Every structure is written in structure tokens, then in C-alpha cells.
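To start, the structure under review is shown below, and the notes come after it.
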Amino acid sequence: MKFSIIVPVYNVEKFLAKCLDSVINQDFDDYEIIAVNDGSSDSSAEILDEYAKKNDKIKVINQANKGLGGARNTAIENACGDILVFVDSDDFIPSKMLSTLSVYFDKYELDILSFDLTAVYSMDIPAVESMVSADEFILLNKKDFLISEPTACAKAYRRSLYIDNNIRFPERLWYEDLATVYRLVPFADKIGYLKKPLYYYVQQPDSITHSANTTRMMEIVTAFNTVQSYFKEKGCFDEYYAELEWLCVKHVLYYSAHRFLTKGYHYKQMNALYKFVSSNYPDFKNNKYVLEYMPSTYCMDWIVNKQFFRFYAKECLKVRLAKLLSKILPKK
């Protein structure tokens, strides 16, 4: 079997049918769908059973709740396909996804293929919409892949990368994609990037990106440490030092600033993250990627230079002021 589409399911009754319709309506036949019901308490399990009765491509696995990472791991271990595709159950995919992926895996004998996604703010987009944009494909070296975004759902993978190297997602950890996808790098010999949107990423107000749970946000340190420790264990930390240093700055410091400082002036947490980065990478301000990308990356120089209040004032206070003015100013 060529593809296994992995769909972790947890309390998504409002979105699940849209997701399942999209994975069923592919213009490609050689694939299976593994849907892992991760202890849902709503009607998600019943929806899965109804779909499985009507379509023999769908294999449903029920388990006690293990979180997104645990559900993906169960599917990886039970998959029959040579290539894995992850689809979160509140998202959906275009009808040409698998046929498009198949062309590039066959032509270039890839281990990993990254592709673009489209952020969706409305569920009104047809689940089987055909993508018409022209394909632009390039081969990536390992360092190029390592500095790209780790979004698990925006890639397809040889299942053997996970199985042969015993790589799994951490259970119940935020930023599980960061902790996992980069650990595939030492074993992936052929990596490609297709500049084509093959995934619809539905924006949810209760997602990690929009969360105000500052305690869980600090798990970014654990996620990055998982990657850093793995590269040291495999003896390739020095080879990829500059890339790992950049990842630490970008994910642990810069992205965290957007999470923490747009929710309030969380100086204590940001200071702790700054200390983590500087203790692991003392010369991070002179990293080649920092020097290259900082001038064109929004307010990165403020974060790198620890001007946290300046960033907070710009990003958080202006939002609060706008909300206040909207309440007191007369409507036009």
C-alpha cells in the first residue's frame, strides 16, 4: 500500500465529517485512512463508525486519551502504507493531494516531501476543491530542511523513517511537531519541497497559537531540548550547530515572544527563555541565520536584544487600546 492517512480524533464532532469527506474523496486509490479515536467524549466515535461502515478504506482504532502525539503514534504503528500523511481532524485536504504527492515520491524517490498549507478562517471552502496553481519543486539539503517550519501536517514521510529509527511523537506535550519532525533529519537522504498548497489548516480560537496558558507555553523548552539532545546523542550536534542555534532563537525566543507578550507583560517567562537560549548558545546574536533574517523579520531585533517591554507595548497595548476605544467611541 502506498499511503496511510493518519487522522487523530478527539472531540471534533463539528469538524470531523468535513475532514473525513476530504480524505475519502481523493482522485487516487492506493491508500488507507487510520482514524484514532483518542478517548472522545462527544459524538466523534459514532461519526467514525458510520463512515467506516460505508467506506472500507477507513480503519478506526479506539484508545484511552493519550493526546495528539499518542494518537499519531498508535496510527504509525498500525499503518500499512509506505508513506505517511498526517491530517488533523479539524482540518481538511484537497482532492488532488495524494495523486500530487505520488508523482514526486516516485520521480525523486523521496524520504520526506514538504508542501504548503492554506490557513482557513471559514469552513465554506469545498473539501474537494482542486488546486490549480503551478507546481514548483526543489530538492532540499538537510540543513535547509532543518531551518524550515516543523509542521507535521505539511509534509509526507516514508514510514520507515519512524519505524526503523524508533522515532515517535511525545505524548501530552505541546509543540510535539517541533520535538519530532527535526529528529528525522539524520536519516532522511532525499528531501523535497513542493511550493503548492496541499492542506487546509483551519484556524481555531482555542488552539495553542491562540492560547493564554502560559504554563503550557513553557513546554517549548522541553520540545527543543528533545531535538537538541537527540542530535548530541547521534553525534551530529556540531555539524548542525548553526541550524540548531537558529531554531532555538526562532522557536524558543522569537515565537514565544509573540505568544507571551501579546497576552500580557510576561517578563518572568521571557527572561527565563532568554537565559535558556543564551546559556545554550552564548554567541547566538552572531548566528548566520539571525544576521540574515533579523533585518526582514518583524521586530526580531527587539526580541534578540531583550527589548521585551517595547514589543509588548506595540503588540499588546495597542490591541487593548483599540478594544477600549471601540467601546467608548460613538458608532458611525
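The values are calculated or read from the model by the stated rules, or taken from the named source; none is laboratory data. Predicted, not measured: the structure shown is a model, and the values here were computed from it. Positions of Cβ are backbone-derived with ideal geometry, glycine not excepted, and every protein chain shown enters the neighbour counts.
Look at N55 and say whether it is surrounded by fewer than 22 Cβ atoms within 10 Å (Cβ to Cβ) and under 22 Å from the mean Cα position of the chain (by Cα). Don't jump to the end; show me each part of the working.
On the way: surrounded by fewer than 22 Cβ atoms within 10 Å (Cβ to Cβ): yes; under 22 Å from the mean Cα position of the chain (by Cα): no.
For N55, the condition - surrounded by fewer than 22 Cβ atoms within 10 Å (Cβ to Cβ) and under 22 Å from the mean Cα position of the chain (by Cα) - is not met.
Set side by side, the residues S41, S114, S102 differ, and just one is surrounded by 15 or more Cβ atoms within 10 Å (Cβ to Cβ), at pLDDT 95 or above and not in a helix (DSSP H, G or I), which is S114. Test L84 against the criterion of being in a strand (DSSP E or B), more than 20 Å from L48 (Cβ to Cβ) and touching a helix residue (DSSP H, G or I) at 6+ places or on another chain (Cβ under 9 Å), and give yes or no. It is false that L84 is in a strand (DSSP E or B), more than 20 Å from L48 (Cβ to Cβ) and touching a helix residue (DSSP H, G or I) at 6+ places or on another chain (Cβ under 9 Å). Among the numbered conditions (1) among the basic types (K, R); (2) out of contact with any helix residue (DSSP H, G or I) (no Cβ under 6 Å at 6 or more places or on another chain); (3) modelled with pLDDT of 95 or more, the only one that K234 does not meet is (2).
Residue pairs whose Cβ atoms lie under 8 Å apart, separated by 6 or more positions or on different chains, with the first residue in the range 169-196 and farther than 20 Å from K142 by Cα and the second of a type in the set (D, E) and assigned to a loop (DSSP other than H, G, I, E, B), are L173/E219; W174/E219; Y175/E219; K196/D135; K196/E136. Restricting the range 247-279 to residues that are out of contact with any Phe, Trp or Tyr (no Cβ under 9 Å at 6 or more places or on another chain) and at pLDDT 95 or above leaves a set whose member that is surrounded by the most Cβ atoms within 10 Å (Cβ to Cβ) is S256. What are the residues in the range 18-38 that are surrounded by fewer than 23 Cβ atoms within 10 Å (Cβ to Cβ) and among the aliphatic types (A, V, I, L, M), if any? Listed by number, the list holds a single entry, I24. Of the conditions (1) in contact with an Asp or Glu (Cβ under 8 Å, 6 or more places away or on another chain); (2) in a loop (DSSP other than H, G, I, E, B); (3) farther than 30 Å from K96 by Cβ, D189 satisfies every one except a single condition; which number is it? Unmet condition: (3). Looking at the range 28-40, can you tell me whether even one residue there is touching a residue at least 40 places away in the same chain (Cβ under 8 Å) and under 20 Å from the mean Cα position of the chain (by Cα)? Yes, that holds for at least one residue.
Each row is one residue, and each column tells you yes or no for (1) in a helix (DSSP H, G or I); (2) touching a Pro at 6+ places or on another chain (Cβ under 6 Å); (3) over 30 Å from V23 (Cα atoms).
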residue: L194; (1), (2), (3): no, no, no
residue: V221; (1), (2), (3): yes, no, yes
residue: L247; (1), (2), (3): yes, no, yes
residue: L253; (1), (2), (3): yes, no, yes
residue: P282; (1), (2), (3): no, no, yes
